[in-house]
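A short write-up of the structure that comes next.
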Amino acid sequence: ELAQRHANQPRLALRIRARPNEVGLEVNLDARPLGARPVSSALRHHSRPSCSWRHKWIERSALQVAEAAVNPDLPFFTSQGRPGITETSRGNIFIQDQHGSWCTPPLDEHVLPGITRREVIDLLDEQRTPVVIRRCSLQDLLQSHGAFWTSSLSGAVPITAVNGTVLPDISEFSNDLNSRLGTD
């Protein structure tokens, strides 16, 4: 029934909720249309919502407020109490530094462990492309040789600008990466 309701949608986000009850397990399946996968994105800094960052969010209202505030850009956040970028409202960030290495912030209470982040790290490692997990500053991002963000719903999305500063075009690299991820 769910598949028939959304038969004309090319991409869907599925949410499966399983809850134990007195007779076993109650399972609910919901789907929502995603629209086309973003081909690029501009980022703008926004204050980090003061919600729990230890788990993926079911309740996204604070992120929706941040997204509306910087629309049509996508918000990115920095760590409170220490310098460094963390992630966007939709995924993890990768930055190509001046030496050609790809950098991504370490996992901690401010950076969620994205599935696609892990896949990208593994793919870059397989092709012997240097990838470093370290704190990344806003200056690193602004002076990068290119950047992208990742999510399981969108793949690798090139970042075209940050706070109005244009970044180098890495669409060819991200297209190749998406092909390898199976998200093209």
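The values are calculated or read from the model by the stated rules, or taken from the named source; none is laboratory data. Source: prediction; values computed, not measured. FYI the Cβ positions are ideal-geometry reconstructions off the backbone, even for glycines, and counts take in every protein chain you see. For accessibility, only protein heavy atoms count, side chains too; no ligands or nucleic acids. Shrake-Rupley method; radii C 1.70, N 1.55, O 1.52, S 1.80 Å.
Where the centre of each part is set by its Cα atoms, how far does segment 1-43 sit from segment 115-184, in angstrom? Cα centres, segment 1-43 to segment 115-184: 26 Å. Would you work out what percent of the accessible area of the chain, with all protein chains in place, is carbon or sulfur (probe 1.4 Å)? Accessible surface attributable to carbon and sulfur in the chain totals 51 percent. Largest GNM mean-square fluctuation among 30, 97, 73, using the chain with Cα springs under 10 Å: 30. Per-residue 3J(HN,Hα) values for segment 175-180, derived from phi via the Karplus relation 6.51 cos²θ - 1.76 cosθ + 1.60 with θ = phi - 60°, read 4, 4, 4, 5, 4, 5 Hz in sequence order (x marks Gly and Pro). Pairs of alpha carbons in the chain separated by more than 27 Å make up 31% of all such pairs. Listed values for segment 115-125 are Karplus-derived 3J(HN,Hα) couplings in whole Hz (6.51 cos²θ - 1.76 cosθ + 1.60, θ = phi - 60°), namely 5, 6, 4, 4, 4, 5, 4, 5, 5, 4, 5, and x replaces Gly and Pro.
On the principal axes of its alpha-carbon atoms, segment 129-181 has extents of 29, 24, 20 Å, going from largest to smallest.
Peptides 43-50, 62-69 ordered by packing proxy, namely the average of other Cβ atoms within 10 Å per residue, highest first: 43-50, 62-69. Taking H as built 1.01 Å from N, whose amide H comes closer than 5 Å to the amide H of residue 103, not counting residues under 5 places away? Those lying under 5 Å, H to H, from residue 103 are 95, 96, 97, 132. Couplings 3J(HN,Hα) of segment 127-142, computed from phi: 8, 6, 8, x, 9, 10, 9, 7, 5, 10, 8, 4, 4, 4, 5, 5 Hz, in residue order, whole Hz [Karplus 6.51 cos²θ - 1.76 cosθ + 1.60, θ = phi - 60°; x for Gly and Pro]. Result for the chain in a Gaussian network model with C-alpha springs under 10 Å: among 23, 120, 132, the largest mean-square fluctuation is at 23.
When the Gaussian network model of the chain links Cα atoms closer than 10 Å, the mean-square fluctuations of 20, 33, 168 top out at 20. For residue 34, the residues whose amide H sits under 5 Å from its own are 11, 12, 13, ignoring neighbours fewer than 5 places away on the same chain, with H placed 1.01 Å from N.
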